[in-house]
Every structure is written in structure tokens, then in C-alpha cells.
């Protein structure tokens with residue numbers, strides 16, 4: 001069920017702990033081709049401006065009380081006579097009665113460190129998202145599917161600031177593309193919401209770079 005103009009959206013920023021007091025409410029003012037314009041969201045009765053790139057877990061409710069969930073992120077603001085917030089518009093197939101987490105995955109070459117009891121090394125990612133990453137290694141380490149690993153990600157933003165993001169993860173796949181090098185996919189299983197938000201922010205910057213090329 002797609003949301004309509006004047007529908008109320010209930011938003012939970014992923015950077016905040018999932019508590020009722022952190023829920024934001026905002027009414028849809030206009031539906032554009034690739035985005036939704038909403039009133040500035042209210043949190044505990046107070047107007048709030050969410051950060052550019054902030055990822056949102058959103059749901060709206062039908063008249064018979066059925067909740068429909070989707071994931072969005074803040075694209076910007078429109079400061080006319082009535083200030084509005086612009087968020088990304090979900091595809092119809094991305095709206096579900098079951099709450100799911102989808103993260104934007106982008107090609108990205110960033111330095112990471114990966115460690116387990118059997119190894120400790122640095123590598124460069126091939127892609128990155130708020131839910132995990134992939135990297136290529138030369139097959140020199142005993143990496144196996146379902147293995148638990150720890151590490152950090154070095155993120156350099158366009159502003160010039162740098163973050164080291166710690167994570168814990170599970171190896172989902174180890175593919176051998178026939179070149180003697182393995183493509184390793186890792187899903188984040190232990191990462192603080194504030195640290196995940198840093199990764200999401202970096203991915204959003206990368207996406208904007210691709211769009212502007």
C-alpha cells in the first residue's frame with residue numbers, strides 16, 4: 001500500500017535508539033517523482049530538523065490499522081513559506097507489511113582492518129553499506145563462511161573529517177572468481193547505531209558523487 005498525500009508518516013532515525021520517545025511524525029505534503037515532501041517532523045511535540053543523509057525506518061498506517069514499512073533517507077529541505085523536508089521515495093516493491101532493514105550499497109574503496117584468532121590484516125573494500133561490506137584478498141588467510149570477525153573501517157568524508165568505525169561481523173560468502181583472489185562478503189552483526197550511521201553517511205556521499213558525474 002503506497003502512502004498518499006496527507007498521510008501521516010512515523011519515522012525512526014537509525015542513529016537513535018529504537019524507543020517510542022525517539023519516533024518522529026510527519027505528514028506528506030507532496031509526492032514527487034523520486035521523493036516525498038513532508039512537513040518538518042515532530043518529536044515529542046517539538047519540531048525537528050533531521051540531518052542530511054539520515055537513514056529512516058518509516059511506516060504509515062491504513063484506515064483499518066495495517067502498518068506498511070519502508071526505508072528512506074533525508075535528501076534535504078525546502079524552505080518556502082512552509083518549510084518542508086524532502087525524503088527519498090520508496091519503490092512499490094520495497095514497501096512491506098514486515099519491517100525490514102535495507103541499506104544503500106555503493107562501490108567504495110576504503111581501508112579496513114580484519115581480525116580473528118587465526119589472522120589480522122588490512123584490506124581495501126570493493127563495496128560498502130550500512131549492513132556490511134565486501135573486500136578482495138589474495139587467499140593468504142584461512143577465511144571461512146560463517147566465521148566471526150572484528151575490524152575497523154577508515155572513512156574519509158568530503159568535509160575532510162576522518163572516522164575509524166569499529167565493527168563485528170559474520171562472513172557470509174567467500175567467492176573465488178578464478179583469479180586466485182577471494183571476494184569476501186561480511187555482514188555487520190555487532191556495530192553501534194552511531195557507528196553504523198557514519199557508514200550510511202559515507203555511502204550517501206558516494207551516491208551523490210555518482211549522480212553528479
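Derivation of every value follows stated rules applied to the coordinates shown; laboratory data play no part. Model, not experiment: these values are computed from the prediction. Reconstructed Cβ throughout: ideal geometry from the backbone, glycine too, with neighbour counts over all protein chains shown.
Under 15 Å from a label point set 7 Å out along the Cα-to-Cβ vector of residue 209, the amide N atoms of region 179-201 belong to 199-201. For the chain, the mean residue ellipticity at 222 nm estimated from helices alone is -3000 deg cm²/dmol, where every DSSP H run of n ≥ 4 contributes -39500 (n - 2.57) and the total is divided by all residues, rounded to the nearest 500. Shown for the chain is the translational diffusion coefficient from the Stokes-Einstein equation, using the Kirkwood radius over Cα pairs, a temperature of 10 °C and a viscosity of 1.306 mPa s: 85 µm²/s.
Defining a contact as two alpha carbons under 8 Å apart and six or more residues distant in sequence, what relative contact order in percent does region 56-181 show? Here the relative contact order equals 16 percent. Using the average count of surrounding beta-carbon atoms within 10 Å as a protection proxy, the listed peptides 128-140, 43-55 rank, highest first, as 128-140, 43-55. With semi-axes defined as the square roots of five times the eigenvalues of the C-alpha gyration tensor, the equivalent ellipsoid of region 8-94 measures 18, 16, 13 Å, largest first.
Potential lengthening of the chain between residue 173 and residue 154 amounts to 4.6 nm, from the contour at 0.36 nm per residue minus the alpha-carbon distance. If r is the Cβ-Cβ distance from residue 66 to residue 34 and R0 is 30 Å, what FRET efficiency results, to the nearest 0.05? With R0 = 30 Å, the Cβ-Cβ based efficiency is 0.70.
With the cut-off at under 17 Å, measuring from each backbone N in region 106-130 to a point 7 Å along the Cα-to-Cβ line of residue 140 picks out 111-116, 118-125. Peptides 114-122, 72-80, 147-155 ranked from most to least packed, by the mean per-residue count of other Cβ atoms within 10 Å: 147-155, 72-80, 114-122. Computed over region 49-96, relative contact order equals 32 percent, with contacts defined as Cα pairs under 8 Å that lie 6+ residues apart. Computed from the C-beta positions of residue 164 and residue 105 and an R0 of 22 Å, the FRET efficiency is 0.55 to the nearest 0.05. When you restrict to C-alpha pairs under 8 Å that are six or more residues apart and normalise by the size of the chain, the relative contact order lands at 15 percent. By the equivalent-ellipsoid construction on the alpha carbon gyration tensor, region 39-138 comes out with semi-axes of 36, 19, 13 Å, ordered largest to smallest. Structure remark: mean-square fluctuation, Gaussian network model of the chain, C-alpha springs under 10 Å; the largest value among 64, 94, 193 belongs to 64.
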